[in-house]
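A.B. asks: Handing you a structure now.
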């Protein structure tokens, strides 16, 4: 992978050594407890050959943004933007859109033809971010999230 930076901060692939920091980051970043992954899930996503997690750390070494993507070899090979997290004080600065581009590049490098994402129906900022980056809403998935919230499915041709 070529060297990538966001505002001077390196974007790096997470390793098993990052699990504790990712776990702490998730507790701060995701308001719904069901959206916070346990350490074993984080470790699996980091070590699986069909997924990747990229992280950005601040000047103090603390994670302020992450993106996780999955490769899916179905009828049409597609990448799934599985999770994007940006700390509240770093939002609205283009970080999410930047991470979408990073994960899309990884999808392309791995032969994916499309990219998809599911977003909580109530998560208007995330929905706008995907739409701004060329994703098209294709359907609503009823009761997708724990607690019964619907998801909106997005797709984009790569």
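Since every read-out is calculated from the coordinates, none of them should be taken as a lab result. Treat the numbers as computed from the prediction; the structure is a model and nothing was measured. Here the Cβ is made from the backbone with ideal geometry for all residues, glycine too, and neighbour counts use every protein chain on show.
A.B. asks: Once you keep just the Cα pairs under 8 angstrom separated by 6 or more residues, what percentage relative contact order results for the chain?
C.D. replies: The normalised contact order for the chain reaches 16 percent.
A.B. asks: Per residue of the chain, what 222 nm ellipticity follows from adding -39500 (n - 2.57) for every DSSP H run with n ≥ 4, rounded to the nearest 500?
C.D. replies: Dividing the helical sum by the residues of the chain leaves -8500 deg cm²/dmol.
A.B. asks: Additional query: Which order do 141, 63 fall in if you start with the one that has the fewest other Cβ atoms within 10 Å?
C.D. replies: Placing the least packed residue first, the sequence is 141, 63.
A.B. asks: To continue, here is another question. Could you line up 47, 66 from fewest to most neighbouring Cβ atoms inside 10 Å?
C.D. replies: 47, 66
A.B. asks: Shifting gears a bit: Describe numerically, in nm with one decimal, the distance between label points set 7 Å from Cα along Cα→Cβ at residue 32 and at residue 76.
C.D. replies: 2.6 nm
A.B. asks: Still on this model: Within segment 1-19, which residues have the backbone N less than 13 Å from the label spot 7 Å out from residue 59 along Cα→beta-carbon, could you tell me?
C.D. replies: 8-9
A.B. asks: Taking 41 Å as R0, compute the FRET efficiency from the Cβ-Cβ separation of residue 120 and residue 2 and round it to 0.05. Walk me through the numbers before you get to the answer.
C.D. replies: Values: r = 33 Å, r/R0 = 0.80.
For residue 120 and residue 2, the calculated efficiency is 0.80.
A.B. asks: Picking from 121, 137, 60, which is most flexible by a Gaussian network model of the chain using Cα springs under 10 Å?
C.D. replies: Top of the fluctuation ranking is 60.
A.B. asks: Using Cβ counts within 10 Å as a stand-in for footprinting exposure, how do 140, 68 rank, fewest first? If you can, show how the numbers build up before the last one.
C.D. replies: Values: 140 11, 68 23.
With the fewest neighbours first, 140, 68 line up as 140, 68.
A.B. asks: Cα convex hull of the chain: how many Å³ per residue? Intermediate values should be presented prior to the final figure.
C.D. replies: Details: hull volume 18.3 nm³, N = 158.
It is 116 Å³ per residue.
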